[in-house]
Structure formats: C-alpha cells, structure tokens
Amino acid sequence: MKTHNKWLTAPLAAGLAAALLSGCGTEQGGAGGSGNGVRVGMSDEILATDPAAGYDPGSWLLFNNVFQSLLAFPKGGSEPEPEAADKCGFSAGSTVYTCTLRDGLTFSNGNKLTSEDVKYSFDRALKIADPAGPAPLLSTIEKIETPDERTVVFRLKVPDATFPSKIASGAGSIVDHREYPADALRTDGKATGSGPYKLDSLSDSEATFSANSGYRGTARLKNDAVTLKLYRGDRSALSKALTDGQIDVAYRGLSADDISALENSATTGDRGIEVTQGSSAEVQHLVFNMKDPVVGKLAVRKAIAHLVDREALVEGVYKSTATPLYSIVPAGIAGHNTAFFDTYGTPDKAKAKKALRAAGITDKVKLTLWSTPSRYGPATDQEFKAIAGQLNASGLFDADVKSVAYDQYEKDIAAGKYGVYVKGWVPDYPDADNFTAPFFGEGNVVGNHYDNATITGSLLPKTAAVADRAATADEYGKLQDLVAEELPLLPLWQGKQYAVARDDVTGLEWTLDASTVFRFWEIRKG
C-alpha cells in the first residue's frame, strides 16, 4: 500500500492553518512586490524540493510558491483557472485535455519554458513513481503530445473531469527539463521553477524565498521575500517565536489551546497579535479494519457510530477549532450531505445496545483504539481517550487506547494488526472525488480491506466522467449513504484553518481556503 503523505499532520485546529476547468487567463501578474519581507513560522518540515517526490503539506507549500502549474486555484475559489496556461479545455468527452501556454514563460534561471518542459514534468513524475510522490494523481494520463512549443495535449485512459483540479495542485508543478533527471530525483536540495518566488536557501530550520523577477502569471506579489522558519514539531517554540516577535505569522502548528486562548483573550489585540480564521476541507476519520474479528462485525461498528459524541470531542479536545463531520465529503465541497447524522443521529446508548443485541452480542466488546500523535498531533491521544471513555460509559464496551510512532503505525496497518485506527486527510484538490476515490477506489490509501463493487464499478467512474461537477451531487449522495450504511469508517471532524500574525500583517484571509494553497504573494507586512 502506498504511504500517502498528505494525511493530515494534526487538526488544523490543533495544527494551526495547517495545497476547474477552462477559460482565458486573468489579469497579468508579476513579481516585485512593494511590501517588506515576511517571516512565517510553521511546525512542519519540508520533506522534498523535487515535485516528483513531495506529497506532504510542507513540500506542497514550497511547490505552490516556487513552481507554476498549467492551472491554479484562485483565492477563495475551487474552480481552477489558467496560470502557466493561457487557456485549457476538454474535447472528446473528458478524455482529451488541451492547454495553450502563455507567451514568454521562463524559469527563474532564465531558460525558456515550453510544452517540452510540461510533457517532461508529467512523464518524469509518472516514470519515477516515487512512493512519497504524486504519481497516483496523474494515473489517468495515457500519453502527452506537444504539436508545438505552446501546445500540450493530454490523452487520458478514461474520462476524468477532475483532471484540471489534479494538475492545478502541487502534482502539476512544471520543472526545467535541463535541470531535473528524467528517471531519478534531483538531490542537491535546490528548486528551479517559474512561479512567483525563487527558493534561495533551505536548511533543516529555515527556507528563504525571494521574488522571481521573470515570473509571468496571475499572482500579484504583495512582498519581495519570505523567510519560512521550520520548527519541526516544536509547537511551544513556534508560539514563543510569535509572541517574541521573531516571526510575523504562525501557520500550521499552534495547539487548539493556543488558538482558543488567543481568540477569546481580551488582550490579544493589545499585544499586537491577530487571529485569522479560514475555511478548510481537512478531515479526520475513525477507520475500521473490515477483516478484524471484532469491528469486522457491522453490529459493533453501528454501536460505535451510535455512541461517538463528535460535539463533545471538538469542544472538549479541540476547543471548537474543528467542527463535527457527518459524512465523508466535508461541508463546503460540492456534493456534501449528512449521511452519518441522517443514519445514526445524536449519540444514543439504547440504539447502540439494540444493534449489538440483534447480532447476539451480549458481553462487553473489548476494543483497542490505535493512535499516532507523531503524525496527527498530541491532541490525537487525548481525543482517542475521550472516544474510549464515551464507549465505556455506555457499559457496552471495554475500550483502551494505544499510541505508536508513525512509521510503526503505517507498517502495522499494512499488516492488518489494528482493528480501529485514526486517519486524517489533507485534500489534494477541493472536489468530492478527492474524498472518495482515494478512500474507496482501487488500491485505496486507508488500508482497511473495504471494497464495494457499486462504488468502484459504477459510482466513481460515473462521477469522474461528469465535467459539470455540480451535476454529480446525486451520485455522490448515493456513495455517501452507502458508506454510512456499511461503515468502513466513521467521520469525526472537519478542521478550520488559522493563521496568527502580528497586527501589521494583512492578506492572510486569501491564504486560508479549501484549496489548501498558502499563497505567499497575498501577504503584506507594514
């Protein structure tokens, strides 16, 4: 099973702020912002500078600012628009996608960017197929043609209406064919792109970026440079750096307690600190191993679904910096419904007991919930202890919690050792497809042995072929209802995005939306 590094590192609540179709290019952008340099801190690491390898939030932050994609998500929007492309569109149903590049594109090293580089970038990512890379997002590509320097034609294996969204993400980053080997990753730690910024330096603790004077695209830079401080999981150091004035913005990493305290403090403004909240489509699920001798029984899963109190979790553990989630497609994404609330309602001990008794289960159900705070944040253990407490308080369960390091956690899931475990998800693109196909499609990333022929053989192919994404609501509704009925997992919460900044910083509201793209160029200081 592929290790998917876009699994959420922590609820955006507990991990502060935490990455489409066709048309003509919007207003011409450019580099050379007039604002001062901005210092941003986050608790994540940057695991890769090569787009063929990175699939984690820190790496995609770098990709979204240093590299161009043919398309990009506009601020506050979920429909991709041309970026390196001047226009793009489907023909032959949703199986041929053609883009025409902007005129005059160059990489930050001065080299010309042509259709050859676009084809090379996608072919390379697919050929390398790095286990921690985005190749699975590009799997519908059959071949790429370049009839001239500005035209790229993608011929797809199957209809894929979400293809524009996929290539608008970090997976669509365009690299210089002269600087990146065709069949191996670049290993010098440098990055050469055509995006709004250049990567000037990178160490374990800091990345520095400056405006790319040769950039041609839609972004309009509000600053000349960004210094990204990397606190590598040290949340207290991140918090202290903000309050001490060592950074201007804290993004991804403050705890739920920190956020709640700042939001509710009457003195926050007096201290020159402001909290900005944005929308988010990041989610967390309780996952059930369908082959487990205990939770492999539908009655046990139904009893759990009748007992878990999401409101208590988000209020008690996450201080309301997340919201209860009642379906696999989060609120704010087209096609969302409330299938799990409609099916199981509010917590109800009597219904849980009835489900167990109907299956002949009369003894307390012994259960272990598996957690990994090293990946999903320290609040994960607290959350799972709260869930175990809810189950045990019913008198129907004897549940405990065990916590392991992430590397061991993933190995044990692959080996089928866990019955119940946690998974979180950072979307690659804001479409219901990205909350369903990775979880329930062929070779799903959840690793829970769930397979439903209606989902894989009918619902997913049908929704993938519909260019009008709003027209997929009925099919996605059926899919969500089916998952609620069969319970391969239980949605828990949907995160909120936050950034906390000094009060002379503006523009953060345009960096916190469901696209998960943290737009350096929108931030202005002073």
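The values are calculated or read from the model by the stated rules, or taken from the named source; none is laboratory data. This structure is a prediction, so every number in the text was calculated from the model and none was measured. Neighbour counts are summed over all protein chains in view; Cβ atoms, including those assigned to glycine, are modelled from backbone coordinates with ideal geometry. Remember, those area values only see protein heavy atoms, side chains included, never the ligands or the DNA or RNA. Shrake-Rupley method; radii C 1.70, N 1.55, O 1.52, S 1.80 Å.
Put one equal scatterer on each alpha carbon of the range 291-400, apply the Debye formula with no solvent term, and list log10 I(q)/I(0) at q = 0.20, 0.23 1/Å to two decimals. With one equal scatterer per Cα and no solvent, log10 I(q)/I(0) is -1.18, -1.36.
Would you mind computing Rg(Cα) / (2.2 N^0.38 Å) for the range 29-157, counting N as its residues? After normalising by residue count via 2.2 N^0.38 Å, the value is 1.14.
When the dipole is taken about the Cα centre of the range 436-495, and only Lys, Arg (+1) and Asp, Glu (-1) are charged at their Cβ, what size is it in debye, to the nearest 20? Intermediate results must be reported in sequence, preceding the final value.
Numbers: 3 positive and 8 negative charges, 30 e Å.
Using Cβ point charges on Lys, Arg, Asp and Glu, the range 436-495 gives about 140 debye.
Among Lys366/Lys411; Lys143/Lys423; Lys190/Lys423; Lys127/Lys496, which pairs are too far apart, with a Cα-Cα distance over 30 Å? Present the calculation step by step, with values, prior to reporting the outcome.
Values: Lys366/Lys411 23 Å; Lys143/Lys423 34 Å; Lys190/Lys423 32 Å; Lys127/Lys496 36 Å.
Over 30 Å Cα-Cα: Lys143/Lys423; Lys190/Lys423; Lys127/Lys496.
Calculated FRET efficiency, Glu442 to Glu116, Cβ-Cβ distance, R0 = 41 Å: about 0.80 to the nearest 0.05. For the range 316-393, give the percent of accessible area contributed by carbon and sulfur heavy atoms, probe 1.4 Å, rounded to a whole number. Carbon and sulfur: 54 percent of the exposed surface of the range 316-393. The Asp123 and Thr368 beta-carbon pair, evaluated with R₀ = 51 Å, returns a calculated FRET efficiency of approximately 0.70. Here the range 141-191 is described by how far its Cα atoms reach on the three principal axes: 38, 24, 19 Å, from widest to narrowest.
For the range 78-135, what does the alpha-carbon gyration tensor say about shape, rounded, prolate or oblate, given a ≥ b ≥ c as the root eigenvalues, a/c under 1.5 as rounded, and a/b over b/c as prolate?
Numbers: a/c = 1.82, a/b = 1.02, b/c = 1.78.
Oblate.
Take the Cα of Ala261, step 7 Å toward its Cβ, do the same at Thr456, and the gap between the two points is 4.8 nm.
The listed peptides 233-239, 185-191, 359-365, 116-122, ordered by packing as a protection proxy, come out as 116-122, 233-239, 185-191, 359-365 (highest mean of other Cβ atoms within 10 Å first).
Bridging of Lys222 to lysines at a Cα separation below 20 Å is possible for Lys75, Lys198, Lys525, once same-chain residues fewer than 8 apart are set aside.
Projected onto its three principal axes, the C-alpha set of the chain covers 72, 59, 37 Å, listed from the longest axis down. For the pair Asn392 and Asp342, label points projected 7 Å from Cα toward Cβ lie 3.6 nm apart.
Please give the contour-minus-distance gain from Tyr406 to Ala334: 0.36 nm per residue of separation, less the Cα-Cα distance, rounded to one decimal in nm. Show your work: numbers first, answer last.
Numbers: separation 72, 0.36 × 72 = 25.92 nm, distance 3.21 nm.
Using 0.36 nm per residue and subtracting the Cα-Cα distance, I get 22.7 nm.
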